[in-house]
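First comes the structure, then the notes that go with it.
The values are calculated or read from the model by the stated rules, or taken from the named source; none is laboratory data. The shown structure was predicted, so the numbers you read here are calculated from the model rather than taken from an experiment. All Cβ positions, even for glycine, are placed from backbone atoms using ideal geometry, and neighbour counts span all protein chains on display. Side chains included, ligands, DNA and RNA excluded: accessible areas come from the protein's heavy atoms. Shrake-Rupley method; radii C 1.70, N 1.55, O 1.52, S 1.80 Å.
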Amino acid sequence: MLVYIRRSFAYLVKRKVFCILPVVVLLCAGLCLSQARAASYYVSVAGNDNNTGTLTEPVRTIMKGISKLKAGDILYVRGGTYVESIYVGQSGTQDQPVTIAAYPGEQPVIDGEDKLPSIDGGDLVLIVGDYVHFKGFEVRNSNIAGTRLGGGGVMLEGEHTLASHLKVHHIWEHGIIAKGNYSVVEYCQVWQCAYSNSIKPGSPVAGYWSTGISAARSPVGGITRNAVLRGNISYNNWGEGISSFEADGTLIEDNVSYDNWSVNLYVSDTRNALVQRNIVYNTPNNVVGQRRPLTLGDELASKPRSANNTVINNFLYNCDFWAFWSTGVPGSGLDNVLIAHNTIVN
């Protein structure tokens, strides 16, 4: 190999094209430096926040681990219960996301113990950075509202964020909301969320209505664009099971939504949505929802007007299909909507 390289170099010198070598060397060095910058950190209930965060010297709290992260880094959280609220402000890039993940084969739990988050109407997990991946956690027991709003589960406000393989339950407000553009919520389970609606069903607390899993209300521009809700299971929530509202281009596919109090699957004030291959049903005598439907709606006249939506190849059992519902807002309605090849039983 060394002889071959020497001969090749001699050839390049003879041909006077060796000037390309510095460029190649610089490109390779840049790639190696980029890869070297990515680091892995570890959190364990047996750790200490004065540790370095290595596998053998993990830190104790998830927030301490998050404080170390830069684009491309991964934080692995070992199994156990962590009583803390999580905030992620760092951003990754398309090629180097910031990743916060369960350690392979283990189940970390973020537990609010009915007292966290401490911020009025806050979230147990709030992600505002872009290109952040959050995977494999159980999130439970947010604070209970007294004279104020209670706590939410997981909020994705950054763009190009990913929440996957989460178990979110016993949350006072929303389970998971994808607010940022191009957010993805996939393969999550959400149940017993939106308890605030159960105080007086049909009359939301302080004018706020909670849901199980939603794509809605981007903090930038107000309309969430191109969110994906895929492969999730949502049940026994005291609001909508899965929904898209004040959004554009939402993809809702391959989900299962059942026995939710309000509507099992709801698409309202959303344009250019594709709703396909979802299963929606109600079980007899369940304690939360009774024959709750898959519903299309248009509650607001301009945020945005519902249009260009496609609802195909869904399966509904023991529930209704409401092709249109609205609060009677002047000028509301559905425009250019395709509903086809759905199976409705009972």
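Below is a table of values for the structure above.
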{"read-out": "Sites residue 312 and residue 56 - FRET efficiency at Förster radius 45 Å, r taken between beta-carbons, to 0.05", "value": "0.30"}
{"read-out": "Within the accessible area of region 215-346 (1.4 Å probe), percent carbon and sulfur", "value": "52"}
{"read-out": "Heavy-atom surface of region 218-343, accessible at 1.4 Å and reported per residue (Å²)", "value": "39"}
{"read-out": "Per-residue ³J(HN,Hα) for region 109-114, Karplus 6.51 cos²θ - 1.76 cosθ + 1.60, θ = phi - 60°, Hz, x for Gly and Pro", "value": "10, 9, 10, x, 6, 6"}
{"read-out": "HN-Hα J in Hz across region 336-343 - Karplus 6.51, -1.76, 1.60, θ = phi - 60°, x for Gly and Pro", "value": "6, 9, 9, 10, 8, 6, 9, 10"}
{"read-out": "From phi via Karplus (6.51, -1.76, 1.60), per-residue ³J(HN,Hα) for region 71-85 in Hz, x at Gly/Pro", "value": "3, x, 7, 10, 10, 9, 10, 6, x, x, 10, 10, 8, 6, 8"}
{"read-out": "Filter on 115/303; 70/303; 68/115; 135/303; 167/303; 68/135 - keep pairs with C-alpha separation over 24 Å", "value": "115/303; 70/303; 68/115; 135/303; 167/303"}
